[in-house]
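The values are calculated or read from the model by the stated rules, or taken from the named source; none is laboratory data. Treat the numbers as computed from the prediction; the structure is a model and nothing was measured. Methodologically, a virtual Cβ is constructed for each residue, glycine included, from the backbone with ideal geometry; neighbour enumeration extends over all protein chains shown.
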C-alpha cells in the first residue's frame, strides 16, 4: 500500500492515478494527525509520500501544534521522524519527502532531516508530469515501476 500524505487532495489525485495504473493500492490522507492515526495501525506499508507543509487537526486535539511546526511548515518532517522513531521496522527506507518550497531555511531543514533519516527529498516543481514523478519516487525506494 502506498500512502500519499498531502492536504492538496485534488493535485495528488493524478499522482494516485499514476500509482494505481502501475497496480499499486493507494490512499491519500489530507492531514498529519489522520496520517499518524492510520499509519500506527498499518503493517502493509510499501511507501509513504509526505508533503512537508501539512495541515493538522484543530490545536486542542492535534499532535502537531502550530508553534511546534513553524506555522505548519515542518509538519511533514515531524510526522516522518515520529514514524521512524516509533516504528523503524515498518517505515525505514519507505518515506519520500515532497515540497514546493524555495525558502532556504526550510530547504536546509528538509535536506538535513532527509540526510539524517535516509529519506529521499523531491521538489514538486521539478516535475512537469506525474508519470515522471511517480517513476522517480518508486526508484528512490527500490519499488518496481509496475507491481505484479
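Of all residues in the range 90-103, those satisfying the criterion of being surrounded by fewer than 16 Cβ atoms within 10 Å (Cβ to Cβ) and at pLDDT 95 or above are 92, 93. Scan the range 112-148 for residues that are farther than 18 Å from residue 18 by Cβ and part of a loop (DSSP other than H, G, I, E, B) and the total you get is 2.
Within the range 114-136, the set of residues being surrounded by 11 or more Cβ atoms within 10 Å (Cβ to Cβ), in contact (Cβ under 8 Å) with a residue 12 or more places away in the chain and under 25 Å from residue 11 (Cα atoms) comprises 114, 119, 120, 121, 122, 123, 124, 130, 131, 133, 134, 136.
Which of the following residues is farther than 21 Å from residue 123 by Cα and buried (at least 21 other Cβ atoms within 10 Å of the Cβ): 83, 79? When all the criteria are applied, what remains is 83. For the range 54-68: of the residues being touching a residue at least 24 places away in the same chain (Cβ under 8 Å) and out of contact with any strand residue (DSSP E or B) (no Cβ under 7 Å at 6 or more places or on another chain), which is farthest from residue 145 (Cα to Cα)? Among residues in the range 54-68 that are touching a residue at least 24 places away in the same chain (Cβ under 8 Å) and out of contact with any strand residue (DSSP E or B) (no Cβ under 7 Å at 6 or more places or on another chain), the one farthest from residue 145 (Cα to Cα) is 61. Among the residues of the range 57-76, those identified as modelled with pLDDT under 90 and either in a helix (DSSP H, G or I) or under 14 Å from the mean Cα position of the chain (by Cα) (or both) are 67, 68, 69, 73. The criterion of being surrounded by 21 or more Cβ atoms within 10 Å (Cβ to Cβ), out of contact with any strand residue (DSSP E or B) (no Cβ under 7 Å at 6 or more places or on another chain) and part of a helix (DSSP H, G or I) does not hold for residue 109. Every condition in (1) part of a helix (DSSP H, G or I); (2) in contact (Cβ under 8 Å) with a residue 40 or more places away in the chain; (3) buried (at least 21 other Cβ atoms within 10 Å of the Cβ) holds for residue 17 except the one numbered (3).
If you go through the range 36-62 and keep only what is surrounded by fewer than 16 Cβ atoms within 10 Å (Cβ to Cβ) and closer than 17 Å to residue 87 by Cβ, you end up with 37, 38, 40, 41, 42, 43, 44.
Remark: residue 50 falls outside the filter, which requires a residue to be within 25 Å of residue 147 (Cα to Cα) and without any contact (Cβ under 8 Å) to a residue 40 or more places away in the chain. Within the range 36-52, the set of residues being farther than 17 Å from residue 88 by Cβ and assigned to a loop (DSSP other than H, G, I, E, B) comprises 52 only.
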